[in-house]
1. Give me Rg over Rh for segment 27-69, both radii from the alpha carbons and Rh done the Kirkwood way, two decimal places.
2. Would you kindly calculate the mean projected area, averaged across all directions, of the convex hull enclosing the Cα atoms of segment 173-309, in square nanometres?
3. Identify the GluC sites (Glu not before Pro) of segment 203-269 meeting these criteria: DSSP loop state and at most 13 other C-beta atoms within 10 Å of the C-beta.
4. Report, please, the projected area of segment 24-168 averaged over directions, based on the convex hull of its C-alpha atoms, in nm².
5. Which value in deg cm²/dmol, rounded to the nearest 500, describes the helix-derived mean residue ellipticity at 222 nm for the chain, given -39,500 (n - 2.57) per DSSP H run of n ≥ 4 and division by the residue count?
6. Which peptide among 289-296, 170-177 comes first, and what is the full order, when sorted by highest mean count of other Cβ atoms within 10 Å?
7. Diagonalise the Cα gyration tensor of the chain and give the resulting equivalent ellipsoid semi-axes, square root of 5 times each eigenvalue, largest first, whole Å.
8. Fewest to most neighbouring Cβ within 10 Å: what's the order for Asp197, Asp95?
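What follows draws every value from the coordinates through simple rules; no lab data is involved. Just so you know, these numbers come straight off a predicted model, no measurement behind them. Backbone-built Cβ (ideal geometry, glycine too); neighbour counts: all protein chains shown.
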Amino acid sequence: MKKIMYVIAAAVVLLATGCKKEKFDPAMPSVAWESNPKFETAELTQSLDAVVTVSAPGKFQDLKLSLGLGNYNILANPYISISSNKGGSTNPILDLMGDPSCVSFAKGLGMTVGQPLKDRSEVKLDLKAMLEKILLGQVVDNNTTFSIDVRVTDQNGKMVSKTAKIHFTAAPVISWAKNETFAPVDVFAPEMDCKVDVWAPGKIEKLTVTLGEASAPFLKDYVNKRITPPSGATTGGPVIDLVADPLVQDSFKDWFPAGEGVAGKEKVTLNFGFMYGMKYDLQVSTNTFTIVVVDKNGKQTIQQLVFKRVE
């Protein structure tokens, strides 16, 4: 019986020891992401808040960012003067206290870095601003994840690091295989394939086709009869809402997908071939369709198509 009691007592002690939480040390440095406290992978969008607060109660001794940019590592090199920290096959390192080029880079984005940190115990770093500056003007592959490891050491030698991961999804693309430049089309010229592809890696949230106000009266009337009238006063031409307007799902079914055939999809095809069928009714006119696609990340792409009758 005693042996059983000893076993139970040992188990209780083990459980109590195992359940102990790590004690918070207010003197330790820390890295906090207020809008993303668990440092979950975030999507690189216009609204992303990637400001982290770096604290060092013992004052800053060292503050470095290790950038995991993959194939884009070398893009950080112009902002780094310490050769051994430059990127390539290894991740570039932004030394925000000891490298003058890195300090200048971050200062240019409105951050307090460099020697002034020696007298401070807290600083805010905008990781999104840094990443966007480095990638500015580059064509980035869809479905790319970047990592930024923030490592801080205080003047007592205490160190902590946190890694932020930011994912990139490409903005929607609108393409016309038979008319890559979207040149104006003469409806009396030989007919060509007028299928326009809409590709949204981030999934379609909104897709509209708006007819220009100056388009032929016949065409405007044709469209207006096939959409739900707007509830309030509007300006501009009629809008074909391919996600939210139930009337469009039936009235344009021979040309455009709509409703569930569009919402949440990555790719849809819009066929503007109906313009050739009504060329005799257009009179002399310039008819402009504006396609607007917005994905679930809020990224938007706009493209115009122009069909003319010149005689």
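1. Values: Rg = 12.5 Å, Rh = 12.3 Å.
Using only Cα positions, Rg/Rh for segment 27-69 is 1.02.
2. 7.9
3. Answer by residue number: Glu213, Glu266.
4. 8.4
5. Helix-only estimate at 222 nm: -4500 deg cm²/dmol.
6. Values: 289-296: 19.9, 170-177: 17.5.
Going by the mean number of other Cβ atoms within 10 Å, highest first, we get 289-296, 170-177.
7. Equivalent ellipsoid of the chain: 56, 28, 17 Å, largest first.
8. Asp197, Asp95
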